[in-house]
Amino acid sequence: MSILQAITLGIVQGLTEFLPISSTAHVRIVPALLGWPDPGSAFSAVIQCGTLLAVCMAMRQDISRLLQGSYTALMAGRPLETAESRIVTMIAFGTLPIVAVGLAARQLIRGQARDLSVVIAALLLGTIVMMLAEVFSWWRVRHGLVGRSGFESVKFSDGLTMGLMQVMALIPGTSRSGVTISSGMFTGLDRPTAARLSFLLSLPAVAAAGFLEAWQQRAEIFGSSAAITTAVLGTLAAALVGYLSIRWLLSMLASQTLWPFILYRLTLASLLGWSLAAGWLSVVA
């Protein structure tokens, strides 16, 4: 992989990890459109460490608040007393499903799940989830029901439901942020609160995937100085662009809906299906 390819894919990863359009799909699609080889799930997971850094930077105040609140509650002998400690606990439990399924199905995720036909199907499935969430949100507004705002309003069931929905993101095309934000909207959170919880929930899962892939395939990823250089540059590009994406999306969701992303996903799935049918793209990398 060249330096240009690594930086380009890092930018794509950072831009699409948090926008509800699926980073794994775009990291798979962009090389196919440009005639580059599929970077593989290992490189994709490693540059996700850049988006992990982006979350830590963009959400540092929330992270600090959660850690301080959890420590205070723990020292007082009441570990679930504060909203912060309850959120940390639900993030821990909400991460278990994706870790369990990810380990059990890791060969499928690395292989057949990256076929473009699977990506298209996942794009459509994730889009349907997002559409239903927006319709449900519209129905709530019509009936005078306002979404719950702020971490103090988050319930344990919000985090667990979001954790279960996050499992869908193992399939490229689904979008972790898309299905988890939609999950929060289904359980009654407003969009900004659902997005903040979604980003925080991603921390353990992204860290686990990135570090596990880096360790298991360290010979491939870090086997030469050139490979190390591309991994580092891709990760840094993902971190910078990911930070900007988070800040923009949180600001945007304060007043806008998910419909622009829904329309984008439908257009992308249609174009990919047309390209496959025309023989311009290959199903398998």
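Structure notes:
- Pairs linking a residue in region 15-43 that is among the basic types (Lys, Arg) to a residue that is in a loop (DSSP other than H, G, I, E, B) and buried (at least 22 other Cβ atoms within 10 Å of the Cβ), with Cβ atoms under 6 Å and 6 or more positions apart or on different chains, are Arg28/Pro172.
- Meets criteria (in contact with a Lys or Arg (Cβ under 8 Å, 6 or more places away or on another chain) and at pLDDT below 95) for Val141: no
- Extreme residue, farthest from the chain's Cα centre (by Cα), among residues of region 47-68 that are touching a residue at least 12 places away in the same chain (Cβ under 8 Å) and farther than 23 Å from Leu212 by Cβ: Gln68
- Taken across region 224-235, residues that are more than 29 Å from Ala83 (Cβ to Cβ), surrounded by fewer than 19 Cβ atoms within 10 Å (Cβ to Cβ) and out of contact with any helix residue (DSSP H, G or I) (no Cβ under 9 Å at 6 or more places or on another chain) do occur, with at least one present.
- Those residues of region 257-274 which are free of Cβ contacts under 8 Å to residues at least 24 places away in the same chain and either outside any helix (DSSP H, G or I) or among the hydroxyl-bearing types (Ser, Thr, Tyr) (or both), in sequence order: Thr267, Ser270
- Unique residue being over 27 Å from Ser255 (Cβ atoms), buried (at least 23 other Cβ atoms within 10 Å of the Cβ) and either under 18 Å from the mean Cα position of the chain (by Cα) or at pLDDT below 95 (or both) when the list is Gly111, Gly173: Gly173
- Matching entry among Val167, Val206, Val241 (being at negative phi, among the hydrophobic types (A, V, I, L, M, F, W, C) and at pLDDT below 90): Val206
- Of all residues assigned to region 192-205, at least one qualifies as being surrounded by fewer than 24 Cβ atoms within 10 Å (Cβ to Cβ), over 21 Å from Thr24 (Cα atoms) and in contact with a Gly (Cβ under 8 Å, 6 or more places away or on another chain).
- Region 236-285: number of residues that are surrounded by fewer than 19 Cβ atoms within 10 Å (Cβ to Cβ), of a type in the set (Val, Ile, Thr) and farther than 19 Å from Ala194 by Cβ: 3
- Annotation: Ala278 fulfils all but one of (1) of a type in the set (A, V, I, L, M, F, W, C); (2) touching a Ser or Thr at 6+ places or on another chain (Cβ under 7 Å); (3) free of Cβ contacts under 8 Å to residues at least 60 places away in the same chain; the unmet one is (2).
- When region 129-167 is filtered for residues that are surrounded by 14 or more Cβ atoms within 10 Å (Cβ to Cβ) and either free of Cβ contacts under 8 Å to residues at least 40 places away in the same chain or aliphatic (A, V, I, L, M) (or both), the ones remaining, listed by number, are Val129, Met130, Met131, Ala133, Val154, Lys155, Leu160, Thr161, Met162, Leu164, Met165, Val167.
- Restricting attention to region 10-64, the residues that are among the acidic types (Asp, Glu) and either in a helix (DSSP H, G or I) or within 17 Å of Phe261 (Cβ to Cβ) (or both) add up to 2.
- Some residue of region 220-241 being farther than 20 Å from Ile11 by Cβ, charged (D, E, K, R) and either assigned to a helix (DSSP H, G or I) or over 11 Å from the mean Cα position of the chain (by Cα) (or both): yes
The values are calculated or read from the model by the stated rules, or taken from the named source; none is laboratory data. Small disclaimer: the values here were computed from a predicted structure and weren't measured. Note that each Cβ is placed from the backbone with ideal geometry, even for glycine, and that neighbours are counted across all protein chains shown.
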